[in-house]
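The values are calculated or read from the model by the stated rules, or taken from the named source; none is laboratory data. It should be emphasised that the depicted structure is a prediction, and the values quoted were computed from it without experimental measurement. As a convention, Cβ positions derive from the backbone with ideal geometry for all residues, glycine included, and neighbour counts pool all protein chains shown.
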């Protein structure tokens with residue numbers, strides 16, 4: 001029986017959560033944006049921002065880059081990112 005994207009996404013999230021690997025900031029932002037888009041409930045998530053907070057500015061920019069993806073596409077991209085940087089997502 002083939003895995004659904006949702007099952008594969010959950011396994012990928014579990015792998016990403018448990019890894020001890022360190023990633024470049026741009027890769028971390030991709031993980032963040034795809035995850036937020038894939039799990040949004042009502043509308044588009046925007047993190048709180050404080051004037052001059054560079055980290056939140058990068059998060060907002062990452063989210064804006066994925067705003068046109070569907071939740072399903074974001075889940076697929078998240079799985080691809082995990083497979084590229086951590087390893088194959090297997091049953």
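Some observations on this one:
- Any hit, the stretch 15-26, residues being touching a helix residue (DSSP H, G or I) at 6+ places or on another chain (Cβ under 6 Å) and modelled with pLDDT of 95 or more: yes
- Candidates in the stretch 62-80 are the residues that are surrounded by 14 or more Cβ atoms within 10 Å (Cβ to Cβ) and in contact (Cβ under 8 Å) with a residue 60 or more places away in the chain; of these, the one that is nearest to the chain's Cα centre (by Cα) is 78.
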